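Worksheet: one structure, shown below.
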Amino acid sequence: MSGSLILQSVVLGVLLGGLYALLAAGLTLYFGVMRVVMIAHSAFLILAAYLAWYFTSQTGLDPLFSLIITVPLFFIAGVLMQRLLISRLRPATLTMMSVLLTFSIALIIEGMLGFVFTGTQRRIRLPYSGTSFEIFGANVAVVKLIAFVLAAASLLALYLIMKRTRFGQALRATIQHPEAARLVGVNTDRVAGYGFGLGLATAAVGGTALALDSTIYPSLHWHWIGPLMAIIVVGGLGSIPGAAIAAMVLGIGQALLQLPLGTTWAQTVFYVALFATLMLRPQGFIGGRLAQRF
Amino acid sequence: MMGHERREGRDLRVGGAWRRGASAVVAGVAALTLAGCLSSGNAGGGESDEDGPIQIGISLPLTGDFSEPGKGVQRGYEAWAAYVNENGGLLGRDVELKILDDQSNADRVASDYEKLINQDGVDLVFGPFSTRLVVPAAQVAQDYGFLFVEPAGAAEEIFTQGFDNLFYAAPAVAQDHYDYLADYIEQMPEDERPKTAAYAAMDDPFAQGTAYGLKDRLEQMGVETVVDEVYPPNTTDFSSIANKISDSNADILVGGTQYQDAVNLIVAVRQLGYQPRMAAFSTAPTNPEFPEAIGDQTEGIISPTGYTPEASWETNAEFVEFYTEMHGTPPNEDEANAWTTGQVVAAAVEAVECADASPECQQSLIDWLRENEVQTVVGPLSWDEAGRPQGAHLIQQYVDGEIKIVLPEEAAEADFIAEKPAW
């Protein structure tokens, strides 16, 4: 096994990990804010990817411009979904019932995509899809770098919102202790709605990033939800930095393990990590005060 | 739809007999139904009325994983039935298809054929789509002594199950798809042949079969295998496989692919700057979406194909015309193989002049196909004792932006590009 092969794998792993980090960030946010297990998160990713593809095929513009439409659209959809559906679940069984509810939403999205766009597998044709440049002998594909930069920028924005704004403070307060947050005057219902919208907005960015460099089809989301769930458990449920670090570690781990083990076994890294976490440190390796309550 | 009265009539008759026989016994409903099925099959199979339509039972994956190709096969079967009925039917009788949806489920497909043969008393059966569903379906047909011609099960494992009623209605089994390409490489001067080869195949009997068929041939010629990767069907990220292939810098890249895997793999190796001298992928390049997805970089990409509307076989022009009139688009491979299945069974039926469920008739159909060659829209077909067709696939290649037949030379529409331009 040559050094250049390993270096290239690390580069690919970092790029992949960045995308995983963004995709997992939204998922952990829902859980953090509302203890909602959002099975439909990856279905919304694929929906955003389809919207990006449709946008490009209709207008001929770069798919990144579709973000101008999809990010606000998904934010509003998220707020509405939380206010109209999730908030009606009984708090005592919220986590469990949210699995059923969001599972059905995932099926509806998948069915609608199949109905509207057919099951034909689509790919956005980009003039720069195969373009890459070399750093220290490793090739970095432009599309993967764009996806990585999008992911990094969104995570940074999410971090700044959480740490530097009043809304972020209220959101974190809601995550840490909803009753206490209400006592000091936080409107936790509204904050929860916006938090959900924020999570769905990351799905819009993530889906667009995904669409740049993959072939999409309506049932693709099932391939994503498993690894993403594993990532947020390993990172500690509800912890965005935890999810980001776990995503990076597992992404690089997957890319490197593919060299000796092949593709079939390398994808088990997520589930091995999931089992190991649940056995050794169920609250997650990073962050994750929340999981202790379950 | 059309044959409802006849079927219901028979069911009532049998049901009535059952009620009388079973009136004394209050047993489990399931047991009754099962026994009812069996007696219905015997009663129905023997006394098929000579003037009614010939009923053909089919189960297809109209929903689930294989729904896209499944619907293609359905269109092919329906077009064939419409064509036959417009042209005087089979043995002077109309044909009528009874199509069930097996939801791409292997358990379901077996019970579907069980039901078609037993309960509905069909006269003939046609096969479903894809290896995974063909094996259980063929087993049921075998148990009842039915002739089983199938449009889509090219993997070797189908022909090693010991079926003596099965015929694959396509030019070649998966292993032989690349034969013309292998022949071409074999006759190249030794110093011009590729020296190293990289293989990436989906963990799927058909996709792997195509790639490994070529691998066996190339290894015999002394082409060194430098990468041999198998990936699960749900793989969407091909960057690591591409990394290994690119690192090996193999002369020829062979993909045992279906669709999205080929597209993703091609983009991934291009991102790593890998330029093979030859690149061959099964299935994907013949898909109309493929040039949409890959863009201008398709030039020189090779693919074996079992069917193209341009092929000059006897009955093909008529088929393409009829199908295009019916659906507005020319047929693909799935539709063509379904049509071929119809042609093969029809040829046997016309030759032995029977079409009913009796073991004698089914056996004579089987025996006739063993001995004879049938002219079809995918060329003349004949089979070995396990039902393997004795041909090879045409080799197509993207030449000047369009996919064209390049091998064998006698069927070629364009010259083979031996040195693939950069992608």
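Quick notes
- Scanning segment A:257-270 for residues that are more than 10 Å from every other protein chain (Cβ to nearest Cβ) and in contact with a helix residue (DSSP H, G or I) (Cβ under 6 Å, 6 or more places away or on another chain) yields A:269, A:270.
- Residue match in segment B:278-285 (condition: buried (at least 21 other Cβ atoms within 10 Å of the Cβ), among the β-branched types (Val, Ile, Thr) and either more than 10 Å from every other protein chain (Cβ to nearest Cβ) or in contact with a helix residue (DSSP H, G or I) (Cβ under 8 Å, 6 or more places away or on another chain) (or both)): yes
Quick grid of which residues meet (1) at negative phi; (2) among the small types (Gly, Ala, Ser):
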{"position": "B:178", "(1), (2)": "yes, no"}
{"position": "B:195", "(1), (2)": "yes, no"}
{"position": "B:209", "(1), (2)": "yes, yes"}
{"position": "B:214", "(1), (2)": "yes, no"}
{"position": "B:218", "(1), (2)": "yes, no"}
{"position": "B:222", "(1), (2)": "no, yes"}
{"position": "B:241", "(1), (2)": "yes, no"}
{"position": "B:256", "(1), (2)": "yes, yes"}
{"position": "B:264", "(1), (2)": "yes, no"}
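- Out of A:58, A:82, sole residue that is more than 17 Å from the chain's Cα centre (by Cα), more than 14 Å from chain B (Cβ to nearest Cβ) and within 13 Å of residue A:200 (Cα to Cα): A:82
- Single match in A:215, A:202 (criterion: away from chain B (no Cβ under 14 Å), within 30 Å of residue A:127 (Cβ to Cβ) and in contact (Cβ under 8 Å) with a residue 24 or more places away in the chain): A:202
- Subset of segment B:144-158 (residues that are buried (at least 24 other Cβ atoms within 10 Å of the Cβ) and either at pLDDT 90 or above or in the same structural domain as residue B:397 (by TED's automatic domain parsing) (or both)): B:146, B:147, B:148, B:149, B:150, B:151
- Among (1) under 25 Å from residue A:211 (Cβ atoms); (2) touching a residue at least 40 places away in the same chain (Cβ under 8 Å) - the single one residue A:132 does not satisfy: (2)
- Candidate set: segment A:8-49, residues that are closer than 30 Å to residue A:88 by Cβ and β-branched (Val, Ile, Thr); chosen: the one nearest to the chain's Cα centre (by Cα): A:28
- Taken over segment A:246-289, the residue count meeting the criterion of being crowded, with 17+ Cβ neighbours inside 10 Å and within 20 Å of residue A:7 (Cα to Cα) is 18.
- The residues of segment B:232-267 that are in a loop (DSSP other than H, G, I, E, B) and either within 22 Å of residue B:154 (Cβ to Cβ) or facing chain A (nearest Cβ under 9 Å) (or both), listed by number, are B:232, B:233, B:234, B:235, B:236, B:237, B:238, B:257, B:258, B:259.
- Residues in segment B:196-231 that are within 14 Å of chain A (Cβ to nearest Cβ), part of a loop (DSSP other than H, G, I, E, B) and either modelled with pLDDT of 90 or more or touching a strand residue (DSSP E or B) at 6+ places or on another chain (Cβ under 6 Å) (or both): B:203 only.
- Residue among B:289, B:299, B:314 that alone is surrounded by fewer than 21 Cβ atoms within 10 Å (Cβ to Cβ), of a type outside the set (Lys, Arg) and modelled with pLDDT of 90 or more: B:299
- Strands (runs of 3 or more DSSP E) wholly inside segment B:313-423 that include at least 1 residues being closer than 30 Å to residue B:188 by Cβ and in contact with a Phe, Trp or Tyr (Cβ under 8 Å, 6 or more places away or on another chain): B:379-381, B:394-399, B:402-407
- Considering only residues in segment A:90-127 that are part of a loop (DSSP other than H, G, I, E, B) and in contact with a Pro (Cβ under 7 Å, 6 or more places away or on another chain), the one that is farthest from residue B:295 (Cα to Cα) turns out to be A:119.
- Tally of residues being touching a residue at least 24 places away in the same chain (Cβ under 8 Å) and either closer than 23 Å to residue B:284 by Cβ or hydroxyl-bearing (Ser, Thr, Tyr) (or both) across segment B:325-340: 11
- Test for residue A:76: is it surrounded by fewer than 16 Cβ atoms within 10 Å (Cβ to Cβ) and touching a helix residue (DSSP H, G or I) at 6+ places or on another chain (Cβ under 9 Å): yes
- Restricting the first member to segment A:144-161 and to residues that are free of Cβ contacts under 8 Å to residues at least 60 places away in the same chain, and the second to residues that are outside any helix (DSSP H, G or I), no beta-carbon pair is closer than 9 Å while six or more apart or on different chains.
- Qualifying residues in segment B:159-195 (those that are aliphatic (A, V, I, L, M) and either touching a strand residue (DSSP E or B) at 6+ places or on another chain (Cβ under 9 Å) or closer than 19 Å to residue B:340 by Cβ (or both)) - the one surrounded by the fewest Cβ atoms within 10 Å (Cβ to Cβ): B:185
Yes/no matrix, rows are residues, columns are (1) assigned by TED's automatic domain parsing to the domain that holds residue B:191; (2) not aromatic (Phe, Trp, Tyr):
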position: B:267; (1), (2): yes, yes
position: B:270; (1), (2): yes, yes
position: B:274; (1), (2): yes, no
position: B:283; (1), (2): yes, yes
position: B:288; (1), (2): yes, yes
position: B:320; (1), (2): no, yes
position: B:325; (1), (2): no, yes
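- Given (1) more than 25 Å from residue A:189 (Cα to Cα); (2) surrounded by fewer than 22 Cβ atoms within 10 Å (Cβ to Cβ), index of the condition residue A:66 fails: (2)
- Flag if residue B:239 is surrounded by fewer than 22 Cβ atoms within 10 Å (Cβ to Cβ) and among the small types (Gly, Ala, Ser): no
- Checked against (1) modelled with pLDDT under 90; (2) within 12 Å of chain B (Cβ to nearest Cβ); (3) within 27 Å of residue A:107 (Cβ to Cβ), residue A:227 meets all criteria but (1).
- Test: residue in segment A:88-104 that is within 14 Å of another protein chain (Cβ to nearest Cβ) and free of Cβ contacts under 8 Å to residues at least 60 places away in the same chain: no
The values are calculated or read from the model by the stated rules, or taken from the named source; none is laboratory data. None of the values given here were measured: they were computed from a predicted structure. Here the Cβ is made from the backbone with ideal geometry for all residues, glycine too, and neighbour counts use every protein chain on show.
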